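Sharing a structure here in structure tokens format.
The values are calculated or read from the model by the stated rules, or taken from the named source; none is laboratory data. Keep in mind that what you see is a predicted model, and the values were worked out from it rather than measured. Positions of Cβ are backbone-derived with ideal geometry, glycine not excepted, and every protein chain shown enters the neighbour counts. Accessible surface areas use protein heavy atoms only, side chains included; no ligands, DNA or RNA. Shrake-Rupley method; radii C 1.70, N 1.55, O 1.52, S 1.80 Å.
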Amino acid sequence: MKPGRNPRAPPASPGEGQAVPTPPNGPKTDNASIARRAQGRQAIEAAVPFASAPPAVEWPPGYRMTAEGFICDYTNAQGERVTPVFLSAPFEVIGLARDAHGSGWSVVIRFWDPDGREKVQLIARGRLMSGGADVRADLADVGLEIAPGKGKAERFCGGLARVKLAARMILADRTGWSGSAFVMPHRTIGPVGAEPVHFTGESLGLLYSECGELDDWKSAIGAMAVGNELLTFALSAAFAGPLLRPLSIEGGGFHLRGPSSCGKTTLAMAAGSVWGGGGPLGYAQSWRSTSNALESVAAGHSDGLLVLDELSLLAPEEAGAAAYQLASGQAKARAQTNGAMRRRAEWRLLLLSTGETALSAHIEASRRGDKVMTGQELRLLDIDADAGKGAGVWSELYGSDAAGVSDAIKNAAGRCYGLAGPAFLNALVRDRAAALASAKDIFAGFLEHARESGDTGQAGRGAARFAIVASAGELAAAFGVVPWERGAASAAALALFQRWAAAFGRQAPREEREILVRLRNTILSEGATAFVGLKKDAASTDGESPESDGRTGEARQLKAKGFVFEHEREQFYGFHAGGWKETFAGLDQKNAAKIVAARGFLESELGRYQKDKKVSGKKLKLYWVRASIVEHDFG
């Protein structure tokens, strides 16, 4: 690098210090090659804004790039110059890259393979220090001509390791926001003049891709949302991911629940077509996975949309943990071989799930008898995928039937995809401040209309998830990315929020309802077998003894949760400590007693939730639950 030059300043003149390589023997002209070059050029130009004007490069002494190739001039032991040595075919050095933490320094090069396809390769400087044979083998494998010969590996890597240039790039190992730019495996979208970003994550299995024309997508998919609030909501949710981090909204998702062939998978495929396609379900993926695999999938959809189809394919024993994991945005803690902690994978995303049963029902179907937690339900909000018109998810059929509408949208999602999302991002980054200010206003306005006096914090948390979807859908309409009128996305989100809130409950915390329902259901389902009836002990007026029918009665007492008895003409179910613990497994047992007592169903004294009861002359401490609890419907 020339003395006095600012290492971050733009090059003094385009192409200084290196020859621009051209495709060997000219580019191929068959249709397939033209298409491949166009696709490759689009990806490169999106990630590398100086593709047509290579940056100034300063090679170390004895090295030079010519139209014929990468050349090394070296001297012998006597200091005499020897014949120049050919090391490889020509390539461009287009930047020095590092991650957001200043680590992982790498050299980024570009060249054409023998078929005329443009290739961009990232070469870590650390690998250049270890001999170079593997680096040259990898480059040869992707099409760069490498000269064989003893000693050439060290010379090749030595020159590349010491190259200097002003151009800088950021390395991103996950999708989503990197500064002011949004990273996808196949392209980066950011404001003009922003430092380019190079994606280094694992792209295998990620279905970000582009096909067709945006106008075709609007007419074939977007227009079908008009009059169909569930489709409007699903498409709006697809645009919500990029707003989560800038607006400091937690990740989470929605579960579209409905019977087979009701159209819920069509909604998922339509939403996925905003960002990509090409898989068996378009952009969507299957729930059938392990927790470790879900981590990788989630990291590959950070700040975006993740679509998972058919919850029943995930083992019920893993469903609750998966809901927490995907919404928490953080992978499991793992140690390196030396015992130090690895950096955790992180993400924040909007999840759209489908299934025939709710998450809660699926969790409770586990062989372990797992109990659903309110936190799990709040991370994946359950939506009944039924428009109420007898046509599954559809309200408007446009002269067809439900199956015809679903088939038309699925077919459209297979030929037009990956266009609306980038168009949304382009509009967002063009005037980011104004767009985010508008989204905040829509968000606040939605909450003002959605919330009711007396709503719990849990209901408010759910409302915020629907509000971000409304904000995204309204922005998409304002940007002209979708064809529905302004206000349609908010109306759809509000209608579905009201439906969700009515089912979830909004006046009392979900945990309180769960405790009361679990206690009531335990008595209803097990009252005849798990509670031993007590009768007055003929030998004593101070206590009662169990009703007995010989050995059968003894067996009942061994598995009982407690006793059933009368006190002052009122019937009670007396849970012993083990029965109470079993009933509220996974929950705070003391808090459960506090809630039951506050609702008047637990007889308590002086803040104590257990009362003495004499059974066969022995004093036992029991939770006295009023039998009247079975008459109540807690919603």
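Residue check: is LEU397 within 27 Å of the chain's Cα centre (by Cα) and either within 22 Å of GLY212 (Cα to Cα) or outside any strand (DSSP E or B) (or both)? Outline the logic, then answer.
On the way: within 27 Å of the chain's Cα centre (by Cα): no; either within 22 Å of GLY212 (Cα to Cα) or outside any strand (DSSP E or B) (or both): yes.
No: the conditions fail for LEU397.
How do the pairs read when you match residues in segment 597-617 that are on the phi > 0 side of the Ramachandran plot with residues anywhere that are in a loop (DSSP other than H, G, I, E, B), using Cβ under 9 Å and keeping only pairs 6 or more apart or on different chains?
SER616/ASP537; SER616/SER540; SER616/GLY543; GLY617/ASP537; GLY617/ALA539; GLY617/SER540; GLY617/ASP542; GLY617/GLY543
Which of (1) surrounded by fewer than 17 Cβ atoms within 10 Å (Cβ to Cβ); (2) modelled with pLDDT of 90 or more does ASN338 not meet, given it meets every other one?
(2)
What about LEU326, is it among the aliphatic types (A, V, I, L, M), in contact with a strand residue (DSSP E or B) (Cβ under 6 Å, 6 or more places away or on another chain), open to solvent by less than 10 Å² (accessible area, probe 1.4 Å) and at pLDDT below 95?
Values: among the aliphatic types (A, V, I, L, M): yes; in contact with a strand residue (DSSP E or B) (Cβ under 6 Å, 6 or more places away or on another chain): yes; open to solvent by less than 10 Å² (accessible area, probe 1.4 Å): yes; at pLDDT below 95: yes.
The answer is yes for LEU326.
What are the pairs with Cβ atoms under 9 angstrom where one residue, in segment 80-100, is under 15 Å from CYS157 (Cβ atoms) and open to solvent by less than 20 Å² (accessible area, probe 1.4 Å) and the other, located anywhere, is among the aromatic types (Phe, Trp, Tyr) and part of a strand (DSSP E or B)? Sequence gap at least six, or different chains.
LEU87/TYR63; LEU87/PHE70; SER88/PHE70; SER88/PHE111; PHE91/PHE70; PHE91/PHE111; PHE91/TRP112
Right, here's the next one. Applying the selection to segment 541-578, what residues are among the hydrophobic types (A, V, I, L, M, F, W, C) and either within 20 Å of TYR609 (Cβ to Cβ) or modelled with pLDDT of 70 or more (or both)?
Of all residues in segment 541-578, those among the hydrophobic types (A, V, I, L, M, F, W, C) come to 555, 558, 560, 563-565, 572, 575, 577.
Across segment 541-578, the qualifying residues are ALA560, PHE563, VAL564, PHE565, PHE572, PHE575, ALA577.
Collect the residues in segment 166-220 that are more than 21 Å from LEU294 (Cβ to Cβ) and charged (D, E, K, R), keeping them in residue-number order.
Residues satisfying the conditions are ARG168, ARG187, GLU195, GLU210, GLU213, ASP215, ASP216, LYS218.
Do the conditions hold for ALA444, that is, is it open to solvent by less than 40 Å² (accessible area, probe 1.4 Å) and hydrophobic (A, V, I, L, M, F, W, C)? Lay out the reasoning, then the answer.
On the way: open to solvent by less than 40 Å² (accessible area, probe 1.4 Å): no; hydrophobic (A, V, I, L, M, F, W, C): yes.
No, not satisfied.
Can you name the residue in segment 131-183 that is basic (Lys, Arg) and within 32 Å of the chain's Cα centre (by Cα) and, of all such residues, is surrounded by the most Cβ atoms within 10 Å (Cβ to Cβ)?
Keep residues of segment 131-183 that are basic (Lys, Arg), which gives 136, 150, 152, 155, 162, 164, 168, 174.
Cutting the leftovers down to within 32 Å of the chain's Cα centre (by Cα) gives us 168, 174.
Working: ARG168: 15, ARG174: 20.
Once the filter is applied, the top-ranked residue is ARG174.
Looking at (1) under 24 Å from LEU326 (Cβ atoms); (2) among the β-branched types (Val, Ile, Thr); (3) open to solvent by 10 Å² or more (accessible area, probe 1.4 Å); (4) in contact with a Pro (Cβ under 7 Å, 6 or more places away or on another chain), can you tell me which one THR357 breaks?
In the conditions (1) under 24 Å from LEU326 (Cβ atoms); (2) among the β-branched types (Val, Ile, Thr); (3) open to solvent by 10 Å² or more (accessible area, probe 1.4 Å); (4) in contact with a Pro (Cβ under 7 Å, 6 or more places away or on another chain), THR357 misses (4) alone.
Here is a yes/no grid of residues against (1) among the aromatic types (Phe, Trp, Tyr); (2) at negative phi; (3) surrounded by 15 or more Cβ atoms within 10 Å (Cβ to Cβ):
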{"residue": "TYR398", "(1), (2), (3)": "yes, no, no"}
{"residue": "ALA402", "(1), (2), (3)": "no, yes, yes"}
{"residue": "SER406", "(1), (2), (3)": "no, yes, yes"}
{"residue": "TYR417", "(1), (2), (3)": "yes, yes, yes"}
{"residue": "ALA439", "(1), (2), (3)": "no, yes, yes"}
{"residue": "ARG451", "(1), (2), (3)": "no, yes, yes"}
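Residues checked against (1) of a type outside the set (D, E, K, R); (2) free of Cβ contacts under 8 Å to residues at least 24 places away in the same chain; (3) open to solvent by 10 Å² or more (accessible area, probe 1.4 Å); (4) touching a Phe, Trp or Tyr at 6+ places or on another chain (Cβ under 8 Å):
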site	(1), (2), (3), (4)
ILE189	yes, no, no, yes
GLY193	yes, yes, yes, no
LEU207	yes, no, yes, yes
ILE221	yes, no, no, no
GLU229	no, no, yes, no
PRO242	yes, no, no, yes
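Right, another one. If I ask for residues that are closer than 21 Å to PHE497 by Cβ, of a type outside the set (Asp, Glu) and open to solvent by 30 Å² or more (accessible area, probe 1.4 Å), which ones from segment 377-396 would you list?
ARG379, GLY388, LYS389, SER395 - these are the residues of segment 377-396 that are closer than 21 Å to PHE497 by Cβ, of a type outside the set (Asp, Glu) and open to solvent by 30 Å² or more (accessible area, probe 1.4 Å).
Identify all residues within segment 273-307 that are of a type in the set (A, V, I, L, M, F, W, C), in a strand (DSSP E or B) and modelled with pLDDT of 95 or more; write none if there are none.
If we filter segment 273-307 for residues that are of a type in the set (A, V, I, L, M, F, W, C), which is where we start, we get 274-275, 281, 284, 287, 293-294, 297-299, 305-307.
Subset that is in a strand (DSSP E or B): 281, 284, 305-307.
Residues satisfying the conditions are LEU305, LEU306, VAL307.
Please determine, by comparing only the residues of segment 562-608 that are of a type in the set (Val, Ile, Thr) and under 25 Å from LYS535 (Cα atoms), which one is surrounded by the fewest Cβ atoms within 10 Å (Cβ to Cβ).
Narrowing segment 562-608 to residues of a type in the set (Val, Ile, Thr): 564, 583, 595-596.
Those still in the list that are under 25 Å from LYS535 (Cα atoms) too: 564, 583.
Numbers: VAL564: 20, THR583: 23.
Step by step, filter segment 562-608, then rank; the result is VAL564.
Assess whether SER366 counts as being part of a helix (DSSP H, G or I), closer than 20 Å to SER289 by Cα and among the polar types (S, T, N, Q).
Working: part of a helix (DSSP H, G or I): no; closer than 20 Å to SER289 by Cα: yes; among the polar types (S, T, N, Q): yes.
It is false that SER366 is part of a helix (DSSP H, G or I), closer than 20 Å to SER289 by Cα and among the polar types (S, T, N, Q).
Could you tell me whether segment 368-376 includes any residue that is within 22 Å of VAL307 (Cβ to Cβ), surrounded by 15 or more Cβ atoms within 10 Å (Cβ to Cβ) and in contact (Cβ under 8 Å) with a residue 60 or more places away in the chain?
Applying the first criterion (within 22 Å of VAL307 (Cβ to Cβ)) to segment 368-376 yields 376.
Subset that is surrounded by 15 or more Cβ atoms within 10 Å (Cβ to Cβ): 376.
When the remaining residues are screened for being in contact (Cβ under 8 Å) with a residue 60 or more places away in the chain, the result is none.
No, the conditions are met nowhere in segment 368-376.
A follow-up question, please. Looking at segment 495-538, which of the residues that are within 26 Å of GLU377 (Cα to Cα) and among the hydroxyl-bearing types (Ser, Thr, Tyr) is most open to solvent (accessible area, probe 1.4 Å)?
Applying the first criterion (within 26 Å of GLU377 (Cα to Cα)) to segment 495-538 yields 495-525.
Imposing the further condition that a residue be among the hydroxyl-bearing types (Ser, Thr, Tyr) reduces the set to 522, 525.
Values: THR522: 13, SER525: 87 Å².
Of everything passing the filter in segment 495-538, SER525 is most open to solvent (accessible area, probe 1.4 Å).
Assuming VAL429 fulfils every condition listed in (1) in contact with a strand residue (DSSP E or B) (Cβ under 8 Å, 6 or more places away or on another chain); (2) surrounded by 17 or more Cβ atoms within 10 Å (Cβ to Cβ); (3) under 27 Å from ARG379 (Cα atoms) apart from one, which condition is it?
The one condition VAL429 does not meet is (3).
Further, regarding this structure: Which of the numbered conditions does ALA408 fail, given that it passes all the others? Conditions: (1) part of a helix (DSSP H, G or I); (2) modelled with pLDDT under 90.
(2)
Follow-up. Select from segment 38-78 the residues that are modelled with pLDDT of 50 or more, not acidic (Asp, Glu) and not in a loop (DSSP other than H, G, I, E, B) and list them in ascending order.
Result: VAL57, TYR63, ARG64, MET65, PHE70, ILE71, CYS72, THR75.
Among the residues of segment 458-479 satisfying the criterion of being free of Cβ contacts under 8 Å to residues at least 40 places away in the same chain and over 17 Å from PHE239 (Cα atoms), which is farthest from the chain's Cα centre (by Cα)?
Among those that are free of Cβ contacts under 8 Å to residues at least 40 places away in the same chain and over 17 Å from PHE239 (Cα atoms), it is GLY460.
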